[in-house]
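Visitor: Supplied in structure tokens, the structure appears directly below.
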Ligand code: SAH
């Protein structure tokens, strides 16, 4: 219990120390934790208490008394209102340091690792040379504006009001023209934007995906129905913007009343539904509903590290859980004896198999199903009722790349039973990563090295790749980044001073 009981409208002063999972600043007043939006670590602020619970409260920023030394001017005009880039007014170097610290603190607090161990093993966050225009995928809500006409933009952080913007600095410049083409086609054909309250109106979202290396572009219209008027008019308007690059236009029906963006299926109205892109030298076909990493420049760095961590010599059996369209499996296949990818979305597995074929990769198999279920069928003594004559070898290396909620504990238990010599964990959520690493450690796996890779510059999201090992022998081709994070940040800081 705090010494002082806070109540609504109390004025408080505090210094922001950290950021929460949704990007709000976290600071303490008289030892009591408050979340304050639009603040950054290092800001000394005055705020008004909005709501108090037993163990924490929410406050509204009234004044920044002393700005954080990490503050800078955001290049984007709407960055404070829009939910996407909550860190754009934080110097990029500070963003990387914040992400490093987030992983560090979670591994110590949640994972229970000793501080000295983490400081030795957690490497500096790998940043971008140019942290703008990096996203290959964007999803824009389309809603009715005050003028009664359709508008596209972004949702303001945690609300459903659309912030209009003519350009988003982390997305390709051409997206603004593609959106304009959709809006002009809507105006010309009197197509209504979706209205969440009444559930009426046709166009809900415009999704745009680019293959940065291939130059391909895909536009996917999420609609509250099954068809649109003047399909040809829409295609031509988009082609006028991108004559060569436009490879796919699809419609994705979604008549649900909730805020799930995508429907379950799609229909091509132009092209065959795919775009291609090249990542780590492999060509990938990507369909509109499949997961594909949004920052290809950093994804290559992440995958190269993951492969280094896997320490492959050409002899290994690799199990790639949560494999999506098979990106990591196919990249590892050239240095392994065999790879098995497992993924819950059937469409993504179809893409993965197709991707193995077009790249002539014969030693990768893919299975549709939940990782936690499929892995049970790989345990010793499992009675294979599927009739499959293929006997799978026990994996030497297991790669996991789960969604934000992390791995199911039954999945980790099964990995522990399979006892691969190395586990490479790729995570987009440091707190579930830390929770899961603790289970691996208790199961006999030592943390060898971890590296945050900045896949989501200007947002508070953090990606990390981790190598764990049982009876670790450092493989010959394992290269350390070479400098400890502690030294790295100390050197950078001393250069600034
Ligand atoms: N490794 C891939 C995809 C990672 S994203 C890449 O780098 O591109 C996480 C993936 O896990 C998604 O494709 C999602 O569909 C899948 N997924 C979610 N829950 C799952 C589960 N229980 N079992 C298997 N796959 C799952």
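Just so it is clear, none of the values below were taken in a lab; they were calculated from the coordinates. Here the structure is a predicted model, which is why all the values come from computation and not from measurement. Cβ: placed from backbone, ideal geometry, glycine included. Neighbour counts: every protein chain shown.
Visitor: Summing -39500 (n - 2.57) over the DSSP H runs of n ≥ 4 in the chain and dividing by its residue number, what mean residue ellipticity at 222 nm do you reach, to the nearest 500 deg cm²/dmol?
Guide: Calculated from helices alone, the mean residue ellipticity at 222 nm is -7500 deg cm²/dmol.
Visitor: Need one number: convex hull volume per residue for region 2-77, Cα atoms only, in Å³.
Guide: Looking at region 2-77, the number lands at 95 Å³ per residue.
Visitor: For the chain, divide the Cα radius of gyration by the Kirkwood radius and give the resulting Rg/Rh value with two decimals.
Guide: 0.98
Visitor: Would you please report the Å³ per residue occupied by the convex hull of the alpha carbon atoms in region 284-371?
Guide: Convex hull of Cα atoms, per residue: 83 Å³.
Visitor: How do 80, 372 line up, fewest other C-beta atoms within 10 Å first?
Guide: Ordered from fewest to most neighbouring Cβ atoms within 10 Å, 80, 372 come out as 80, 372.
Visitor: Set the Förster radius R0 to 30 Å, insert the Cβ-Cβ distance between residue 259 and residue 116 as r into 1/(1 + (r/R0)^6), and round the FRET efficiency to 0.05.
Guide: After rounding to 0.05, the efficiency reads 0.10.
Visitor: Treat each spin label as a single point 7 Å out from the Cα along the C-beta direction, and report the residue 230 to residue 139 distance in nm.
Guide: Computed distance between label sites residue 230 and residue 139 equals 2.8 nm.
Visitor: Let's test the formula: R0 of 22 Å, r as the Cβ-Cβ distance of residue 190 and residue 164. What FRET efficiency results, to the nearest 0.05?
Guide: After rounding, the FRET efficiency stands at 0.60.
Visitor: Moving to a separate point now. Can you run the Rg to Rh ratio on region 428-468? Use alpha carbon positions and the Kirkwood inverse-distance Rh.
Guide: My calculation of the ratio gives 1.04.
Visitor: Hey, any idea what Rg/Rh is for region 173-293, computing Rh the Kirkwood way over Cα pairs?
Guide: When Rh is taken as the Kirkwood radius, the ratio is 0.97.
Visitor: In nm, give the distance between the simple-model label positions of residue 394 and residue 50, each being 7 Å from the Cα along the Cα-to-Cβ direction.
Guide: A separation of 5.4 nm, rounded to one decimal place.
Visitor: Another question about this same structure. Between region 1-64 and region 391-412, what is the C-alpha centre distance in whole Å?
Guide: What the calculation gives is 39 Å, centre to centre.
Visitor: What length, rounded to one decimal in nm, is gained on full extension from residue 267 through to residue 471, with 0.36 nm per residue of separation minus their alpha-carbon distance?
Guide: My answer for the length gained is 68.4 nm.
Visitor: Right, something else. Give me P(r) over region 266-322, computed from all C-alpha to C-alpha distances, binned every 10 Å, as integer percentages.
Guide: With a bin width of 10 Å, the distribution comes to 17, 41, 29, 11, 2.
Visitor: Show me, bin by bin at 10 Å from 0, the whole-percent P(r) of region 212-269 based on Cα pairs.
Guide: P(r) for region 212-269, in whole percents per bin: 22, 46, 28, 5.
Visitor: What percent do you get for the relative contact order of the chain when only Cα pairs under 8 Å and 6+ apart count?
Guide: Over the chain, the number comes to 13 percent.
Visitor: Would you calculate the convex hull of the Cα atoms in region 309-420 and tell me its volume per residue in Å³?
Guide: 104
Visitor: Another question, if that's okay. I'd like to compare 196-203, 92-99: which one has the highest average count of other Cβ atoms within 10 Å, and what's the full order after that?
Guide: The most tightly packed comes first, giving 92-99, 196-203.
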